[in-house]
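Peer 1: Below is a structure I'd like to ask you about.
The values are calculated or read from the model by the stated rules, or taken from the named source; none is laboratory data. None of the values given here were measured: they were computed from a predicted structure. Backbone-built Cβ (ideal geometry, glycine too); neighbour counts: all protein chains shown.
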Amino acid sequence: MSMTIFYFSATGNSLTTAELLAKELEAELIPAASTKHLSKVTVTTDAVGFVFPVYYGDMPYPVREMIAKTVFQPDSYVFICTTQRGHAGAAAKRMDQLLRTRGQKLSLSVGVMMPGNSFINEPEVDAKYLAEQETTVKALIPRIVNRETEDHTTTELLPLMPVASPNNFRGITADEKCVGCGICTKVCPMENIVIRDGHAVIEDDCSTCLACFHWCPTEAIWMSRQENIARRSKYHHPAVTMEKIADQKK
Ligand SMILES: Cc1cc2nc3c(=O)[nH]c(=O)nc-3n(C[C@H](O)[C@H](O)[C@H](O)COP(=O)(O)O)c2cc1C
């Protein structure tokens, strides 16, 4: 393999996008969550991609944590492919900043519009993005194969609105419908959920990925203190199973 692709995903949009990219680019696919307990991540290829969802116009906290301990090959070609429902915000700017602390820079930033898993969106738009996913991803391939580059130091992007550290600021909780099945503990990439006295307890090391909310089989998990989105419908990419999300930690 001459390329490595790392991914992070709660509901499968980024996982399936990463799988499509890896197939077309003949890249090795590695889940970012599997590196949580490593003190150092060494990338052995000189081309590397990162596929992840946009959270609040920024990168997911676990991916930022991973970059901070990653050792790259000199002068690597590094690209990101974000998945988002609206706008990638400052994710590229953040990635470029992080890479510079590792002696690299961001070569290319591409994105794929996908169904949203946070706010409530128009279902027909979500369906359109889902139907177009494969075509959209395949159209990106030549840009990566040709090692297209952009200068991210001068890109004018939205000001960073980072969630400085993981915490359960959304107030994600499990209510009395929780049966203690433990699925949320399996899908949580942060290992932040425990079953205590037969009930799921969401602790403070939360990346707000919402995997627990979307995969809960009894609809016990409230995704937010905000009433208008707390009970939005569950979503996961139709091609992805709960086991595949849980396997990211392996
Ligand atoms: C906490 C949170 C914040 C989000 N913020 C944004 C955002 O700023 N812009 C955007 O376009 N989509 C945003 N989204 C939507 C996701 O980026 C999008 O649905 C993504 O494809 C989900 O990827 P996944 O299925 O791989 O987890 C957000 C989702 C979550 C859970």
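Peer 1: From the list Phe52, Phe119, Phe79, which one is surrounded by fewer than 21 Cβ atoms within 10 Å (Cβ to Cβ), among the aromatic types (Phe, Trp, Tyr) and in contact (Cβ under 8 Å) with a residue 12 or more places away in the chain?
Peer 2: Of Phe52, Phe119, Phe79, the one residue that is surrounded by fewer than 21 Cβ atoms within 10 Å (Cβ to Cβ), among the aromatic types (Phe, Trp, Tyr) and in contact (Cβ under 8 Å) with a residue 12 or more places away in the chain is Phe119.
Peer 1: Within segment 209-225, is there a residue that is at pLDDT below 90, in a loop (DSSP other than H, G, I, E, B) and under 20 Å from Val54 (Cβ atoms)?
Peer 2: yes
Peer 1: Restricting segment 1-49 to residues that are more than 18 Å from the chain's Cα centre (by Cα) and of a type in the set (S, T, N, Q), which is surrounded by the most Cβ atoms within 10 Å (Cβ to Cβ)?
Peer 2: Thr45
Peer 1: Out of everything in segment 82-103 that is surrounded by fewer than 22 Cβ atoms within 10 Å (Cβ to Cβ) and of a type in the set (S, T, N, Q), what residue ends up being nearest to the chain's Cα centre (by Cα)?
Peer 2: Gln84
Yes/no matrix, rows are residues, columns are (1) of a type outside the set (S, T, N, Q); (2) modelled with pLDDT of 95 or more:
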site: Glu132; (1), (2): yes, yes
site: Thr136; (1), (2): no, yes
site: Val145; (1), (2): yes, yes
site: Glu148; (1), (2): yes, yes
site: Thr154; (1), (2): no, no
site: Pro166; (1), (2): yes, no
site: Thr173; (1), (2): no, no
site: Ile183; (1), (2): yes, yes
site: Val201; (1), (2): yes, yes
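Peer 1: In segment 73-130, which residues are of a type in the set (Gly, Ala, Ser) and more than 9 Å from the ligand (Cβ to nearest atom)?
Peer 2: Of everything in segment 73-130, those that are of a type in the set (Gly, Ala, Ser) and more than 9 Å from the ligand (Cβ to nearest atom) turn out to be Ser76, Ala90, Ala92, Gly103, Ser107, Ser109, Ala127.
Peer 1: In segment 112-139, what count of residues is obtained for those that are under 28 Å from Thr208 (Cα atoms) and not in a loop (DSSP other than H, G, I, E, B)?
Peer 2: Summing the residues that are under 28 Å from Thr208 (Cα atoms) and not in a loop (DSSP other than H, G, I, E, B) in segment 112-139 gives 16.
Peer 1: Residues that are away from the ligand (no atom under 14 Å from the Cβ) and crowded, with 19+ Cβ neighbours inside 10 Å: does segment 224-234 have at least one?
Peer 2: No - not one qualifying residue is present in segment 224-234.
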